[in-house]
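See structure below.
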Amino acid sequence: MENYQELINKQQTFFRTGITKDTNFRIEALTKLKDLIQTHEHDIINAVKKDLNKPEIEAKRAEIGLVLGEIDFTLKNLTGWASAEEVQTPDTHRGAKSFIYPEPYGSILVIAPWNYPFQLAVAPLVGAIAAGNTAVLKPSELTPNTSRLLAGMINDHFQEEYLHVVEGEVETSTALLQENFDYIFFTGSTGVGKIVAEAAAKHLTPVTLELGGKSPTIVHSDADIDEAATRIARGKFANAGQTCVAPDYVLVHRDVKNELLEKLKGAIHASYGDDIIHNQDFGHIVSTRHFDRLKSFLDNGSIVTGGDSDRDNLVIEPTILDSISWEDPIMQDEIFGPILPIIEYEDTSEVIDQIVKRPKPLALYLFSENESLQDEILANISFGGGAINDTINHMTSHYLPFGGVGASGMGAYHGKASFDTFSHFKSILKR
Ligand code: NAD
């Protein structure tokens, strides 16, 4: 196993020079990163196409656009975020003043997954740079073209003691996790999140864990079913269902189930045509292991639409499964693929009972016009974040901190939350 101590020592020594704390240095680094992304736009599009058959439009929006948006928002606000803030002082401390000073943690480790292999590697880097840290990034080995591109982009243009990409598999993560970083930011599965948390505990290193889970989508009897079908299909089948906040399963009121099934079918074919297996703009499954795992779910319940697959090209058609029960294999773990199980309900209390019995989801979506039902769901179910009458778009707002809770993770980022995540807030009483 390789030893990364020398790299971490170099970064920690560089951090101690104080250079990375200079706000102008951070602004220059973010501007350089932005230029690099713009210069390499076609390389990024090609890499994610090779790795996941990601269509250009999705790559531009979800891999590149989102990160550029984060950089622009950060550049606009950084000076304010990085300044000390004066706060109130209680009467018992009369004569003193109180301040909160944001300071960078130091050296950061970012471990990234494969599903949005560019965005989920670089968006955390934006926060780490903005807060004034150094960083080591370990991209996913399952998307080797993007990993190689990231290594070239970062390692050829930034000094190793500031930002560095280390490519590799599990052994590389394991070796990196033995080092004494000042902060670890991990995106990936709940199982590996536990391994990361355990490794971090040995050094008492704080962590953000951006994990997954089964995100429910509830469609109530009063919902606008056209809108619900369109937005569920969009959120579920983008990137072939390999999105951490994709609707994992649908709970639909029995009065509107048939209508929803019909409209979901229509929405799928309107987006991807009738020969989806050969559609060049439909994403591929990342590996044969994931393909085989997903394919085994196709005999759960009954197929409403879809069900075809092509193992040679790692494609699974968008598939809707009806007559699913909570005990079916597909309902045990996060699906992370283009298969959508449907469970019908009669009473919303069943829905709440079933969801709260399970691990806290990363996202939840509710389609209903009824405000008291909206309040009831929000008040009674804990989940990372979500949307009412929409899917997945909460994660693309700079103003909404994005993260999980319980088994779906801890901590949050995006916008100001990214700066805060990578900063320690030092409280100072001054006489
Ligand atoms: P993963 O946990 O298998 O891998 C993530 C990273 O951890 C990779 O870089 C991998 O090399 C590394 N890794 C794998 N096994 C390891 C081990 N034993 N020790 C140390 N490091 C290890 O996750 P994945 O398959 O890449 O991603 C899919 C999962 O990530 C899904 O559960 C999904 O919901 C979740 N996810 C969450 C978010 C979020 O923002 N919350 C975003 C994307 C994906």
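Throughout, read-outs are computed from the coordinates displayed, never taken from laboratory work. This is a predicted model, so every value here is computed, not measured. Cβ sites come from the backbone with ideal geometry, for glycine too, and all protein chains shown count toward neighbours.
Summarise the long-distance tail of P(r) for region 273-431 by giving the % of C-alpha pairs beyond 28 Å.
38 percent
Looking at the chain only, what percent of DSSP beta bridges run antiparallel? Nearest 5 please.
Around 35 percent of the beta bridges assigned by DSSP in the chain are antiparallel ones.
What is the distance, in nm, between label points placed 7 Å from the Cα along the Cα-to-Cβ direction at ASP312 and at GLU346?
Between ASP312 and GLU346, the simple spin-label model gives 5.0 nm.
Which order do peptides 126-138, 233-245 fall in by mean Cβ count within 10 Å, highest first?
The packing order, highest mean first, is 126-138, 233-245.
Considering only C-alpha atoms, what is the centroid distance from region 8-87 to region 392-426, in Å?
Spelled out, the Cα-based centre of one part sits 16 Å from the other.
HN-Hα J couplings of region 31-48 from phi, Karplus 6.51/-1.76/1.60, θ = phi - 60°, integer Hz, Gly and Pro as x?
Once θ is set to phi - 60°, the couplings for region 31-48 become 5, 5, 4, 4, 4, 4, 5, 5, 5, 9, 3, 5, 5, 5, 4, 5, 5, 6 Hz.
Which of the aspartates and glutamates could a cross-linker bridge to LYS214, judged by Cα under 13 Å and excluding same-chain residues fewer than eight apart?
Here the aspartates and glutamates satisfying the reach criterion relative to LYS214 are ASP248, ASP333, GLU334.
Cα axis of helix 348-357 to longest principal axis of the chain: angle in degrees, 0 to 90, nearest 10?
Its long axis makes an angle of about 50 degrees.
Which order, highest average first, do 113-120, 304-311, 176-183, 388-395 follow once you tally other Cβ atoms within 10 Å for each residue and take the mean per peptide?
113-120, 176-183, 388-395, 304-311
Restricting to Cα pairs below 8 Å that are 6+ residues apart, what does the relative contact order work out to for the chain? Please round to a whole percent.
19 percent
Could you tell me which chymotrypsin sites (Phe, Trp or Tyr not before Pro) in region 348-431 are loop residues by DSSP with no more than 15 other beta carbons within 10 angstrom of their beta carbon?
Taking region 348-431 and a limit of 15 other Cβ atoms within 10 Å, the loop chymotrypsin sites (Phe, Trp or Tyr not before Pro) found are TYR399.
Could you give each residue of region 265-270 its phi-based ³J(HN,Hα) in whole Hz, using Karplus coefficients 6.51, -1.76, 1.60 with θ = phi - 60°, and x for Gly or Pro?
Using θ = phi - 60°, the values come out as 4, x, 5, 5, 6, 5 Hz.
Pairs on different chains or at least eight residues apart, Cα atoms closer than 18 Å: how many lysine pairs in region 216-396 fit?
Close lysine pairs found across region 216-396: 5.
Which shape class applies to region 198-237: rounded if a/c is under 1.5, otherwise prolate when a/b exceeds b/c and oblate if not, where a ≥ b ≥ c are the square roots of the Cα gyration tensor eigenvalues?
In terms of gyration-tensor shape, prolate.
Counting Lys and Arg as +1 and Asp and Glu as -1, what is the net charge of the other residues whose Cβ lies under 10 Å from the Cβ of LEU321?
Here the charged neighbours net out to -3.
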